[in-house]
Amino acid sequence: MIRTFTSSAVLAISMLSAASVAQAQPWVAGEHYRVLDNPVRTAADEGVEVAEVFWYGCPHCYTFKPLAEAWEENAPEYINYVRLPAALGRSWEPHAYAFYALEAMGELDKVHDALFDALAGERRPLNSPEALADFVSGYGVDAEQFLKNYNSFGVRARVQQAQSKIRGARITGTPAMLVDGKYVVSASTAGSHENVLKLVEYLAEKERDGSE
């Protein structure tokens, strides 16, 4: 009788342990995230790259932004966090160019939040280089230098590289997260913006552990 109870108890504990593991890792490839058949290149050979694909005019990106920034601030050291401005339509292109022009000038931190506020929050028509130059000048950025960088070969190349990476990952909406060039996560698959970041963390740890 004692033996039977002991065996049953062991079986029950084993089943509970298995259930706990299943609950701890509920993410299913093809359901909660997409695995790329052909991974895209990452910017660095070391660490795990987490790329936030966004558009300044996207209201969902605007909502996701503070959550992503908080996650980035507390991310492990092995995470290489990058932002990829998407140009999924012609009207999005000026904003991708603005991102890389400001980055090239070392002025991105001055205007990044303001561009989100203006485009996604207020829906302002900042859809030309000149309109964007006038806007950033209000935040202490030299408009002439901005236009020079906006139209430079280097910025054009950065925009093209970003779009090639986004197309390679078959990303068609924003916001989306691309983990180590292999996995694509969005709120529509993960279930919520909060779940996106939980899933990104899970996949990043999986990649880190796999490379050790």
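The values are calculated or read from the model by the stated rules, or taken from the named source; none is laboratory data. Keep in mind the model is a prediction, meaning the values are calculated, not measured. Methodologically, a virtual Cβ is constructed for each residue, glycine included, from the backbone with ideal geometry; neighbour enumeration extends over all protein chains shown.
Scanning region 119-134 for residues that are in a loop (DSSP other than H, G, I, E, B) and closer than 16 Å to ALA162 by Cβ turns up nothing. Selection of region 66-83 for residues being in a helix (DSSP H, G or I), closer than 20 Å to LEU119 by Cβ and free of Cβ contacts under 8 Å to residues at least 60 places away in the same chain yields PRO66, GLU69.
Counting only residues that are crowded, with 17+ Cβ neighbours inside 10 Å and either over 24 Å from TYR150 (Cβ atoms) or over 11 Å from the mean Cα position of the chain (by Cα) (or both), region 60-79 holds 7 of them. Residues in region 161-178 include at least one that is outside any helix (DSSP H, G or I), among the β-branched types (Val, Ile, Thr) and in contact with a strand residue (DSSP E or B) (Cβ under 6 Å, 6 or more places away or on another chain).
Residue-by-condition table, conditions (1) of a type outside the set (Ser, Thr, Tyr); (2) in contact (Cβ under 8 Å) with a residue 40 or more places away in the chain:
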{"position": "THR63", "(1), (2)": "no, yes"}
{"position": "ALA101", "(1), (2)": "yes, yes"}
{"position": "ALA104", "(1), (2)": "yes, yes"}
{"position": "SER128", "(1), (2)": "no, no"}
{"position": "ALA143", "(1), (2)": "yes, no"}
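Pairs meeting the criteria (first residue in region 168-188 and farther than 18 Å from ASN80 by Cβ and among the charged types (D, E, K, R), second residue modelled with pLDDT of 95 or more and part of a loop (DSSP other than H, G, I, E, B), beta carbons under 8 Å, at least 6 apart or on different chains) are ARG170/LEU36.
Within region 86-99, track down each residue that is buried (at least 19 other Cβ atoms within 10 Å of the Cβ), in contact (Cβ under 8 Å) with a residue 60 or more places away in the chain and outside any loop (DSSP other than H, G, I, E, B). Within region 86-99, ALA96, TYR97 qualify.
Would you say VAL111 is surrounded by 14 or more Cβ atoms within 10 Å (Cβ to Cβ) and assigned to a helix (DSSP H, G or I)? Yes; evaluated as a whole, the condition is true for this residue. Taken as a whole, the condition of being assigned to a loop (DSSP other than H, G, I, E, B) and either of a type in the set (Asp, Glu) or at negative phi (or both) does not apply to THR189. Number of residues in region 114-153 that are of a type in the set (A, V, I, L, M, F, W, C), surrounded by 15 or more Cβ atoms within 10 Å (Cβ to Cβ) and more than 18 Å from CYS58 (Cα to Cα): the value is 7. ASP180 meets the conditions (1) in contact with an Asp or Glu (Cβ under 7 Å, 6 or more places away or on another chain); (2) surrounded by fewer than 20 Cβ atoms within 10 Å (Cβ to Cβ) in every case but one. The failed one is (2).
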